[in-house]
Amino acid sequence: EDQVTQSPEALRLQEGESSSLNCSYTVSGLRGLFWYRQDPGKGPEFLFTLYSAGEEKEKERLKATLTKKESFLHITAPKPEDSATYLCAVLGGNEKLTFGTGTRLTIIP
Amino acid sequence: EAGVVQSPRYKIIEKKQPVAFWCNPISGHNTLYWYLQNLGQGPELLIRYENEEAVDDSQLPKDRFSAERLKGVDSTLKIQPAELGDSAVYLCASSLRQGGGELFFGEGSRLTVL
């Protein structure tokens, strides 16, 4: 069974304080790793897809990286509007998308 | 372009009552998903449709849950009868690519069972 573990569960940062969120996974036949952002009361919003170890994707202050066992979402100089829950998900060979429980990120002005 | 539309946004019912949720996916997206999300948890798949066909309903509790996607567009998820443990957010999502992971989610339907 595919598994996704995200850490930390919650993270509070001062505005401008860079950090990283971790997503470790076990999957049979990785077909992709996905990062989503979820605001309170909203559905998840797709951010990135990573397909193979060594791959990196960037969007504004966010950069996602992938190894064979984990992915990191690096956030550089965050702003209060980056506050959200960040979800990681893996797509395995069975075409099932398995989500982690998320990291709740709070950026303090 | 309109996103995934769900209704109702909120529903409060007594246990043992029926409830139904409706979803209209993004135009042209043949793949439709229903997910359940409990507080503090990630979404969990209930059912996936490719056009009108339910290709994965292994996680759908079929004794009380049912879903349909007539004409391969709109979909309805029904619970009858509802139980206290069904209180959660029911998310609908659609995707352009079959079997992919880039999903577009609606805002969800929050169900409270009293």
* To do: Mind listing just one residue for me: the one in segment B:3-29 that is in a strand (DSSP E or B) and among the hydroxyl-bearing types (Ser, Thr, Tyr) and, of those, least open to solvent (accessible area, probe 1.4 Å)?
  => B:Ser7
* Find the residue count for segment A:23-68, including only residues that are more than 13 Å from every other protein chain (Cβ to nearest Cβ) and open to solvent by 50 Å² or more (accessible area, probe 1.4 Å). => 13
* Asked: Within segment B:73-114, how many residues are more than 9 Å from chain A (Cβ to nearest Cβ), open to solvent by 10 Å² or more (accessible area, probe 1.4 Å) and farther than 23 Å from B:Lys16 by Cα?
  -> 4
* Report whether or not A:Ser20 is more than 10 Å from every other protein chain (Cβ to nearest Cβ), within 19 Å of B:Gly42 (Cα to Cα) and not in a loop (DSSP other than H, G, I, E, B). => no
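Quick grid of which residues meet (1) at pLDDT 95 or above; (2) part of a strand (DSSP E or B):
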residue	(1), (2)
A:Gly54	yes, no
A:Lys63	yes, yes
A:His74	yes, yes
A:Ala77	yes, no
A:Cys88	yes, yes
A:Gly93	no, no
A:Arg104	yes, yes
* segment B:30-47: number of residues that are open to solvent by 20 Å² or more (accessible area, probe 1.4 Å) and within 20 Å of B:Ser95 (Cβ to Cβ) -> 5
* If you go through segment B:57-66 one residue at a time, do you hit one that is within 14 Å of chain A (Cβ to nearest Cβ), of a type in the set (D, E, K, R) and farther than 21 Å from A:Pro44 by Cα? -> yes
* **Among (1) within 14 Å of chain B (Cβ to nearest Cβ); (2) over 25 Å from B:Cys92 (Cβ atoms); (3) surrounded by fewer than 18 Cβ atoms within 10 Å (Cβ to Cβ); (4) small (Gly, Ala, Ser), the one test that A:Ser71 misses** => (3)
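The values are calculated or read from the model by the stated rules, or taken from the named source; none is laboratory data. From a predicted model like this one, the values you see are computed outputs, not experimental measurements. Cβ coordinates were reconstructed from backbone atoms using ideal geometry, including for glycine residues, and neighbour counts include every protein chain displayed. Surface accessibility is based on the protein's heavy atoms, side chains included, excluding ligands, DNA and RNA. Shrake-Rupley method; radii C 1.70, N 1.55, O 1.52, S 1.80 Å.
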